[in-house]
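The values are calculated or read from the model by the stated rules, or taken from the named source; none is laboratory data. A quick note: this is a predicted structure, and the numbers were derived from the prediction, not measured. We place every Cβ from the backbone using ideal geometry, glycine too, and count neighbours over all the protein chains shown. Protein only, heavy atoms only, side chains kept; ligands, DNA and RNA dropped before computing areas. Shrake-Rupley method; radii C 1.70, N 1.55, O 1.52, S 1.80 Å.
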Amino acid sequence: RRQRQMCIRDRDMDALLAAASEDRMAYTILTLMYRAGMSSTEIISLNGPENFVIYDDGPYALLDGREEACCIPEDAWKILMEYMDVRDQHESLFYNRSGRRLNTMYISRMMKRYCTKAGIHSYSAEAVRNCCAFNLFSYGASTRQTAAQMGRTEQQIRRYRGTGYKNNLRRQ
């Protein structure tokens, strides 16, 4: 039985982003999962600029089901703004060829397509999202800060505090 990957390796994430770089929507979705820790369900629920606010400390996404707004790092915000500048106007921020809102199956297929194109192991959207939590811990964020960013409880987030990932990150 294949063991589920909790997080995608850095070199694989780089290859995945490179493979999706010509598809602005896919690249933006991957960036929001990887850098902001947003789930595929949260991403497909976004409608447009009304889902975002800018506070003194930067941009945030207002997401259904989360008590706190989700911080969007500056680099991810720039990518999101570039996408919003060129996308067609639809009722949802991310949409399929016929203009309808994406579903989670679309993102699952998108992951498979770009993992194959990148020549890497097939990762799930959750594995990409989990990298955000691992990276936050690796760079010194507290359990409380990481839980808030990921939209989870502190109890749920403790599994990401693995030292093995920190050691691999240091080696890379």
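Here the calculated FRET efficiency for Lys117 and Glu91, from their Cβ-Cβ distance with R0 = 35 Å, stands at 0.75, rounded to the nearest 0.05.
What is the magnitude of the charge dipole of the stretch 8-58 about its Cα centre, with +1 placed on the Cβ of each Lys and Arg, -1 on the Cβ of each Asp and Glu, and no other charges, expressed in debye to the nearest 20?
Details: 4 positive and 9 negative charges, 34 e Å.
Dipole size: approximately 160 debye.
Structural size metrics of the chain, computed from C-alpha coordinates, are Rg and Dmax of 15.7, 48 Å. Note on the chain: with neighbouring protein chains present and a 1.4 Å probe, carbon and sulfur make up 45 percent of its accessible heavy-atom surface.
Give the relative contact order (percent, whole number) for the chain; include only Cα pairs under 8 Å separated by 6+ residues.
Working: 221 pairs, mean separation 49.3, N = 172.
Relative contact order comes out at 29 percent.
Shown here: the stretch 70-149, whose C-alpha atoms stretch 43, 30, 19 Å along the first, second and third principal axes, sorted largest to smallest.
Which value in deg cm²/dmol, rounded to the nearest 500, describes the helix-derived mean residue ellipticity at 222 nm for the chain, given -39,500 (n - 2.57) per DSSP H run of n ≥ 4 and division by the residue count? The partial results should precede the final answer.
Values: 9 runs with 92 residues, N = 172.
Helix contribution divided over all residues of the chain: -16000 deg cm²/dmol.
Using only side-chain charges placed at the Cβ, +1 for Lys and Arg and -1 for Asp and Glu, the dipole size of the chain relative to its Cα centre rounds to 1240 debye.
Ranked by solvent-accessible area (1.4 Å probe, protein heavy atoms only, all chains present), the residues Thr153, Thr28 order from largest to smallest as Thr153, Thr28.
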